[in-house]
Amino acid sequence: MEFTVKQIAALIGGTVEGNESLKINQLSKIEEGQEGSISFLANPKYEPFLYSTSASAVIVDRSFQPKQPVRATLIFVDNSYSSFTKLLETVNQLRHSKKEGVEQPSWLGSDSEVGERIYRGAFSYIGSRCKLGNDVSIHPHAYVGHNVTIGDNTVIHPGARILDNTVIGKNCVIKANAVIGSEGFGFAPQADGTYTSIPQLGNVVIEDDVSIGANTTIDCATMGSTVIRQGVKLDNLIQVAHNVEIGRNTVIAAQTGVAGSTKIGEGCVIAGQVGVVGHIQIADRTKIGAQSGIGKTIRKEGTSLSGSPAFELTENLRSLAVFRKLPMLEKKILELENRTNNTADNRPLPSNGNAE
């Protein structure tokens, strides 16, 4: 694939400063740019690479003013990061043209309905009483259980497992080996110390425009539904337990675990390896730092938290600063104790000559 700088600028709504007829045949990081490639500058710490890069063109913000001469042709846009993302999406679509049709062997259960322009890859399985919308892609070795609904333009990647009664909306992506609708972790302790399994009779509901990462698991509800709201983005290797609800446009990074019946608000950002206990609520627009432990309800919207147990970010940073100084503080305390003891030992006796 090859484009001119002019064509790319038209796609992303940019203004060209330099040679708009240059040919572009690849995308690159700005520090790894070479002739024929295009890159972008969004983070100021990468600005030095702009003056040394061999990339033919670089996308920058309209507000950017170079401090040195730039060899590359510049494309000025409102938001360089978003524009480069749009360019990545366009190239990805061109590279991976959508497949249609049915590869064999594959299985479609009785009383199941499929829409138009469906792709069913080899060794895929679709159970009974399922309903698939238009432009749905079920890739090889994917499993779709019984009574499953999948909306238009949703992609189920290889090896993913969509278990019985799951509902998935439009424009969703379920990545490789994700498991949606597996039984929740429910066991009742018995008098003799054993455990009895609690039946999990609910399902999982995933609304439109959701992305589920590879090897992520979302358990079905004990009763009712585990719900992933519109626009949620889940990274790889995340555990979402039964009856959890994740609000619209929340983003969660890898290796996070959310225990049962917790409700996460809208627009939250949860970093990697966060642990969240069950039966609590997390307010809208909460931000949680990596490896934090959330053990109680967060009621204030827009709060930033860090630590385990987690508490307000600025307080946590101040605490860490003190923690680093503990050895020095301990040394000072010991010195003060020694001085106090020495002073007491050298204290003069009372005038009557008797020790008190």
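The values are calculated or read from the model by the stated rules, or taken from the named source; none is laboratory data. In this text, all values refer to a predicted model and were calculated from it rather than measured experimentally. Positions of Cβ are backbone-derived with ideal geometry, glycine not excepted, and every protein chain shown enters the neighbour counts.
A few remarks follow.
- Any hit, region 191-200, residues being buried (at least 20 other Cβ atoms within 10 Å of the Cβ), touching a Gly at 6+ places or on another chain (Cβ under 6 Å) and touching a residue at least 40 places away in the same chain (Cβ under 8 Å): yes
- Only a single criterion out of (1) in the same structural domain as Val232 (by TED's automatic domain parsing); (2) touching a residue at least 12 places away in the same chain (Cβ under 8 Å) is not satisfied by His146, namely (1).
- Number of the exception - Ser308 against (1) touching a strand residue (DSSP E or B) at 6+ places or on another chain (Cβ under 7 Å); (2) among the hydroxyl-bearing types (Ser, Thr, Tyr); (3) part of a helix (DSSP H, G or I): (3)
- Some residue of region 145-166 being surrounded by fewer than 17 Cβ atoms within 10 Å (Cβ to Cβ), of a type in the set (S, T, N, Q) and assigned to a loop (DSSP other than H, G, I, E, B): no
- Scanning region 64-110 for residues that are more than 29 Å from the chain's Cα centre (by Cα) and among the acidic types (Asp, Glu) returns Glu100, Glu103.
- Whenever a residue of region 25-38 is assigned by TED's automatic domain parsing to the domain that holds Leu87 and under 15 Å from Phe3 (Cα atoms), it has no partner that is of a type in the set (Asp, Glu) and in a helix (DSSP H, G or I) lying with C-beta atoms less than 7 angstrom away and at least six residues away or across chains.
- For region 72-100, taking the residues that are of a type in the set (D, E, K, R) and either touching a residue at least 40 places away in the same chain (Cβ under 8 Å) or out of contact with any Gly (no Cβ under 9 Å at 6 or more places or on another chain) (or both), the one that is farthest from Ser39 (Cα to Cα) is identified as Glu100.
- Filter result for the condition that a residue is in a loop (DSSP other than H, G, I, E, B) and surrounded by 15 or more Cβ atoms within 10 Å (Cβ to Cβ), over Phe64, Phe49: Phe64
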